[in-house]
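The values are calculated or read from the model by the stated rules, or taken from the named source; none is laboratory data. Bear in mind the structure is a predicted one, so any value in this text is a computation, not a measurement. FYI the Cβ positions are ideal-geometry reconstructions off the backbone, even for glycines, and counts take in every protein chain you see.
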Amino acid sequence: MEWREVVEHPSLKDLPFKIETNAEGYIMMVAAKNIHREYQMRMAAWFEDHGEKKKATIECNIQTSDGVKIADVAWRSAEFLKRNKYSDPYQESPEVVVEVISPSNSETAMKRKMSLYFERGAKEFWLCGDDGDMRFFNPQRELERSELFREFPKRIEIDVA
């Protein structure tokens with residue numbers, strides 16, 4: 001299926017899963033826990049709180065050489081937004097792409113996604129563990145912390161009230 005068909009298909013609306021496609025156009029669904037969404041929201045809120053209004057998004061559709069992948073969180077510069085507006089899916093990767101580990105994710109799958117995003121122009125790939133610990137990568141190596149957002153925390157804290 002083409003991405004437009006996936007997005008517009010009535011039977012696929014309101015699913016409790018994240019949908020991606022592979023290179024052949026087959027639909028792949030990934031279930032996410034509520035904590036997964038909490039990490040997404042916390043990261044997007046961090047960008048908003050640090051002067052990056054309307055530049056962070058969650059569930060960002062990116063066309064890759066292996067189909068459309070959905071980044072859990074992405075940060076897009078003003079230049080990126082000017083070039084791409086709100087195309088669906090984006091044909092290039094936003095500068096920062098974040099994936100939150102889910103029970104169904106393997107290390108191999110995350111490395112593959114990281115490679116696909118870098119192939120499409122991402123500057124950094126961030127990985128959020130299921131415990132909130134963050135890892136940061138550029139196309140060459142793992143980083144001690146983000147080079148684009150040095151003050152971004154190395155751990156996302158979730159308060160349970």
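Number of residues in the range 83-92 that are free of Cβ contacts under 8 Å to residues at least 60 places away in the same chain and either part of a helix (DSSP H, G or I) or not polar (S, T, N, Q) (or both): the value is 6. Restricted to strands (runs of 3 or more DSSP E) entirely inside the range 96-154, those with at least 2 residues that are hydrophobic (A, V, I, L, M, F, W, C), under 12 Å from the mean Cα position of the chain (by Cα) and within 21 Å of GLU52 (Cα to Cα) are 96-100, 124-128.
Taking the criterion of being over 15 Å from the mean Cα position of the chain (by Cα) and closer than 20 Å to GLU151 by Cβ, the residues of the range 47-73 that qualify are GLU48, ASP49, HIS50, GLY51, GLU52, LYS53, LYS54. Within the range 93-114, the set of residues being loosely packed, with under 15 Cβ neighbours inside 10 Å and either among the aliphatic types (A, V, I, L, M) or under 21 Å from GLU147 (Cβ atoms) (or both) comprises ALA109, LYS111. The residue that is nearest to SER115 (Cα to Cα), among those in the range 42-82 that are assigned to a helix (DSSP H, G or I) and hydrophobic (A, V, I, L, M, F, W, C), is PHE80. Residue check: ILE35 meets all listed conditions (1) within 18 Å of GLY129 (Cβ to Cβ); (2) at pLDDT 95 or above but one, namely (2).
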